[in-house]
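Working notes, beginning with the structure itself.
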Amino acid sequence: MVKVLKAGKSQEELTKNNLEVSKIVANAIQEIENRGDEAVREFSEKFDKWSPEAFRLTEEQIKEIVAQVPAEVIEDIKFAQKNIREFAEAQLASMNDVEVENIPGVILGHKNIPVSSVGCYIPGGRYPMVASAHMSVLTAKVAGVKRVIACTPPINGEIPNATITAMYLAGADEIYLLGGIQAMAAMAIGTETIQSVDMIVGPGNAFVAEAKRQLFGRVGIDLFAGPTETLVVADETADAEMIATDILGQGEHGPTSPGALITTSEKLAYETVEEIERQLKVLPTADVARVSWDDYGQILLVDSIEEALVEADRLAFEHVEILTADPNYFLENMTNYGCLFLGPETNVAYGDKVIGTNHTLPTKGAARYTGGLWVGKFIKTVTYQKVTPEASAYIGEYAARLCQLENFAGHAEQALLRVRRYGKKA
């Protein structure tokens with residue numbers, strides 16, 4: 001039986017917050033659609049206090065920015081990008097074109113074709129999300145996308161040099177110093193100075209996530225990647241210091257970032273609460289992490305590892321750390337998660353920044369039906385068919401009868417025309 005030791009905000013409170021965000025985003029998108037660059041500039045001034053002569057950085061500006069970044073930082077970026085590129089290339093290699101002859105004379109196949117253009121959002125604000133450049137821009141380039149543009153906001157009126165450098169090294173074709181709703185809408189809708197794209201990707205705050213939701217349809221998106229989520233599943237073999245560190249380490253992302261613990265040990269649950277309180281007294285980002293824990297933190301006490309699995313799948317969190325005696329049990333049996341971190345040796349920060357798996361992952365239960373960002377998200381798997389005359393007449397008889405079964409006379413005639421043209425009596 002599940003015992004709730006700590007619960008986050010109610011669904012009613014969350015829904016109210018979501019409605020307020022939705023209204024703000026809808027208004028901004030409408031303004032940008034109606035007034036283009038003028039509206040983009042107004043929102044940039046309002047939200048980021050940023051109104052440069054041009055939002056797009058020139059090649060000369062980019063090179064000047066890169067030149068200001070310390071050599072060690074550039075090497076660190078290149079190390080992370082090497083890992084992410086190699087894993088993305090391995091994923092791409094797993095995607096093969098297919099062609100089969102399932103009936104004599106009937107050739108069916110599929111081809112994997114990259115999306116033509118993609119807009120990548122790299123968050124900024126309090127934290128310059130350098131790693132998001134690798135995850136989106138680099139992955140799109142590995143997939144074969146011809147035009148990849150990238151937007152990131154200024155931070156307190158300053159250019160985030162390391163983020164721009166990462167975007168450049170990842171292969172972005174166009175770089176814009178532009179953030180928030182205005183960046184997402186400009187990339188999706190297009191303005192006088194920003195050519196629209198076919199797909200927008202990347203993580204962000206609640207406003208960015210809602211913008212993606214509302215823009216989906218006129219452009220493709222990777223997935224709904226809202227405020228980060230972290231779940232730790234632990235048994236008596238785990239320790240409270242590690243659990244607290246890993247939950248708070250992700251809670252610092254923002255005040256709406258859920259952190260949860262599912263454990264079979266009541267002793268460990270209470271030790272974790274005490275340890276979280278201890279760490280919040282010294283953590284430099286405790287002002288944010290405390291709000292995320294107080295408002296969105298959860299602790300569930302379960303009777304068994306099997307019950308822990310059921311609850312973990314129900315939550316369907318973005319990041320799931322497994323700190324149990326047998327982490328592989330969850331690898332073999334768990335189905336709803338963005339990324340699994342198996343054992344105490346790894347952690348979410350590795351996945352977020354450097355190890356090679358992508359950090360743009362499903363949130364808010366989306367892990368029930370989708371995985372995270374990968375090369376396959378940038379690729380359309382399209383089908384084709386080729387048929388010989390003899391096979392067309394053979395298939396046509398079946399097709400005509402099945403169309404007539406559904407009262408589609410015109411459909412049936414398409415098939416019957418081929419039967420008459422290519423049949424034995426033709």
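Which of the residues spanning the range 19-70 are in a loop (DSSP other than H, G, I, E, B) and closer than 26 Å to D173 by Cβ?
G36, W50, S51, P52, E53, A54, F55, L57, T58, Q68, V69, P70
In the list A409, A399, which residue meets the criterion of being at pLDDT 95 or above and open to solvent by less than 50 Å² (accessible area, probe 1.4 Å)?
Residue meeting the stated conditions: A399.
Tell me, please, whether a residue that is in a strand (DSSP E or B) and basic (K, R) can be found in the range 105-113. It would help to see each step written out before you state the result.
The first filter runs over the range 105-113 and keeps only residues in a strand (DSSP E or B), leaving 106-113.
Pick out the ones that are also basic (K, R) and you get 111.
The answer is yes, given that some residue of the range 105-113 is in a strand (DSSP E or B) and basic (K, R).
Cβ-Cβ distance below 7 Å, separation of 6 or more or different chains: which pairs start in the range 214-226 with a residue that is farther than 16 Å from F378 by Cα and end on one that is open to solvent by 70 Å² or more (accessible area, probe 1.4 Å) and at pLDDT below 95?
What qualifies is G226/K364.
Which residue pairs have Cβ atoms closer than 9 Å, lie 6 or more positions apart in sequence or on different chains, and pair a first residue in the range 30-59 that is without any contact (Cβ under 8 Å) to a residue 40 or more places away in the chain with a second residue that is surrounded by fewer than 16 Cβ atoms within 10 Å (Cβ to Cβ) and assigned to a helix (DSSP H, G or I)?
Within 9 Å, the pairs are E31/E38; E42/R35; S51/E45.
Here's a check for you: in the range 36-85, which residue that is of a type in the set (K, R) and at pLDDT below 95 is nearest to Q182 (Cα to Cα)?
K46
Take F79 and tell me if it is open to solvent by 40 Å² or more (accessible area, probe 1.4 Å) and not in a loop (DSSP other than H, G, I, E, B).
Considered against the rule, which asks whether it is open to solvent by 40 Å² or more (accessible area, probe 1.4 Å) and not in a loop (DSSP other than H, G, I, E, B), F79 comes out as yes.
Of (1) over 30 Å from Y127 (Cα atoms); (2) of a type outside the set (A, V, I, L, M); (3) free of Cβ contacts under 8 Å to residues at least 60 places away in the same chain; (4) crowded, with 19+ Cβ neighbours inside 10 Å, T324 satisfies all except one. Which?
(3)
Out of T335, T346, T285, report the one residue that is over 30 Å from A90 (Cα atoms), free of Cβ contacts under 8 Å to residues at least 60 places away in the same chain and of a type outside the set (A, V, I, L, M).
Every option except T285 fails the conditions.
Quick test of your reading of the structure: V100 fulfils all but one of (1) crowded, with 22+ Cβ neighbours inside 10 Å; (2) part of a strand (DSSP E or B). Name the failing condition by number.
(1) is the only condition that V100 fails.
So which residues in the range 327-345 are surrounded by fewer than 16 Cβ atoms within 10 Å (Cβ to Cβ) and out of contact with any helix residue (DSSP H, G or I) (no Cβ under 7 Å at 6 or more places or on another chain)?
The answer is N328, L331, E332, G343, E345.
Looking at E311, E277, can you tell me which residue is over 26 Å from the mean Cα position of the chain (by Cα) and of a type in the set (D, E)?
None of the others qualify; the one that does is E277.
Taking helices (runs of 4 or more DSSP H) that do not extend beyond the range 336-426, which have at least 2 residues that are among the hydroxyl-bearing types (S, T, Y) and out of contact with any Asp or Glu (no Cβ under 8 Å at 6 or more places or on another chain)?
Ranges flagged: 389-405.
Filter the helices (runs of 4 or more DSSP H) completely within the range 128-192 down to those with at least 1 residues that are more than 27 Å from Q214 (Cβ to Cβ) and open to solvent by 10 Å² or more (accessible area, probe 1.4 Å).
130-133, 139-143, 161-170
Which of the residues belonging to the range 363-396 are of a type in the set (S, T, Y) and either more than 30 Å from A260 (Cβ to Cβ) or open to solvent by 90 Å² or more (accessible area, probe 1.4 Å) (or both)?
Residues satisfying the conditions are Y369, T381, T383, Y384, T388, S392, Y394.
Out of all the residues in the range 50-62, is one or more aromatic (F, W, Y) and crowded, with 16+ Cβ neighbours inside 10 Å?
Step one: list which residues in the range 50-62 are aromatic (F, W, Y), which gives 50, 55.
If we keep only those that are crowded, with 16+ Cβ neighbours inside 10 Å as well, we get 50, 55.
Yes: the range 50-62 contains one or more residues that are aromatic (F, W, Y) and crowded, with 16+ Cβ neighbours inside 10 Å.
Can you work out which of the residues in the range 112-127 that are β-branched (V, I, T) and surrounded by fewer than 23 Cβ atoms within 10 Å (Cβ to Cβ) is farthest from A71 (Cα to Cα)?
Among residues in the range 112-127 that are β-branched (V, I, T) and surrounded by fewer than 23 Cβ atoms within 10 Å (Cβ to Cβ), the one farthest from A71 (Cα to Cα) is I113.
The values are calculated or read from the model by the stated rules, or taken from the named source; none is laboratory data. This one's a predicted model, so the numbers in the text were calculated from it and none came from an experiment. Using ideal geometry, Cβ is built from the backbone for each residue, glycine included, and neighbour counts are taken over all protein chains shown. Protein only, heavy atoms only, side chains kept; ligands, DNA and RNA dropped before computing areas. Shrake-Rupley method; radii C 1.70, N 1.55, O 1.52, S 1.80 Å.
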